[in-house]
Amino acid sequence: MKTVVITGSSSGIGKAAAIYFQQQGWNVAATMRSPEKETELHKLPNVKLYALDVTNSSSIEQALKNIQKDFSKIDVVVNNAGFGADGVFESMNDEFIQKQFDTNVFGLMRVTREAVKIMRTQKSGTIVQIASVGGRVAFPLYSIYHGTKWAVEGFTESLQYEVAPFNIKLKLIEPGAIKTEFYGRSRAFMKPDYTNDYNEFVKKCEAVSMDAGDKGASPEAVAKVIFKAANDASTKMRYPIAYPANVLLPLKRLVPERFFFWAVRQSYKI
């Protein structure tokens, strides 16, 4: 029986992935910052919960050590932990920016580093990074979030070359709009309190973003794509899922940059 480690399993895509992998007969190491608060996953057969904070290296090392002890081999690691920060860049202080990068980029890198150590010794394994359509295209008010996801894309694309000799595969999942707490309680939004100059711009952009979230695909749909990527032995690296990823990513490759920017502005009415 194969074993998957999933970070950020307490809700959204991470929780859906934990359930889906379990349903497919896998051992699931569901990690989260506060496993004592989880009320569903621990009831499922072959699912074990572990405390893991991606911003804390010793937490990651200890969790993976415990998982290895319990399941022996780690076949797949899914780097899902993260959150969305958006708003007016001018209003974002260093602490806000650092928190976004520490979770979405450095946290993912910390987990990836420990996973590579294990998989290199095993001479096999797959690391699945949950990126975003926002890792290859950009939308208004998401400058910091896009910065993190573009970093994940570049990091992963480069890393694949150096781990390939050890039979380690890297996969990038690129969701579009998904119905999760990304648009709700997990959202971190910033706007200046010293000027109204951005108000109209923010109003227009927020309306489009929230509407996309309301109409988004389910976390379960993403979970199925994660499972597919985890089992894909090919060299395929990127797996777009859901609107607008399935439209914008091909479009950006085909049209001139100025036309693409114009199309984004038109969609936001800015």
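The numbers here are math on the coordinates, done by the rules we state, and not lab data. Computed from a predicted model, the values in this text were never measured in an experiment. Because the Cβ atoms are built from the backbone with ideal geometry, glycine has one as well, and the counts that use them run over all protein chains shown.
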### Query
Put a dot 7 Å past each Cα toward the Cβ at Lys69 and Tyr198; how far apart are the dots in nm?
4.7 nm
### Task
Can you tell me the 0 to 90 degree angle between the C-alpha axis of helix 199-214 and the longest principal axis of the chain, rounded to 10?
40 degrees
### Förster-model FRET efficiency, 41 Å R0, Met237 and Asn56, C-beta, rounded to 0.05
0.90
### Task
Would you mind checking which residues have amide H under 5 Å from Gly125's amide H? H placed 1.01 Å from N; only 5 or more apart, or other chain.
Lys169
### Task
Using R₀ = 35 Å, calculate the FRET efficiency as 1/(1 + (r/R₀)^6) where r is the Cβ-Cβ separation of Ala164 and Leu44; round to 0.05.
0.55
### Query
Hey, with R₀ at 25 Å, roughly what FRET efficiency would Phe89 and Phe261 work out to, going by the Cβ-Cβ distance, to 0.05?
0.90
### Query
Which ³J(HN,Hα) values in Hz, rounded to whole numbers, follow from the phi angles of the range 255-264 under the Karplus curve 6.51 cos²θ - 1.76 cosθ + 1.60, where θ = phi - 60° and Gly and Pro get x?
10, x, 4, 4, 5, 5, 4, 4, 5, 5
### Query
Taking only DSSP H segments of four or more residues, each worth -39500 (n - 2.57), what value at 222 nm results for the chain once the sum is divided by all its residues, to the nearest 500 deg cm²/dmol?
-14500 deg cm²/dmol
### Task
Report, ordered by chain and residue number, the lysines lying within cross-link reach of Lys204, taken as a straight Cα distance under 27 Å and ignoring same-chain residues fewer than 8 apart.
Lys99, Lys149, Lys179, Lys191, Lys215, Lys252, Lys269
### Task
Would you kindly state how much longer the chain becomes between Ser11 and Lys215 on full extension, computed as 0.36 nm times their sequence separation minus their alpha carbon distance, in nm to one decimal?
71.6 nm
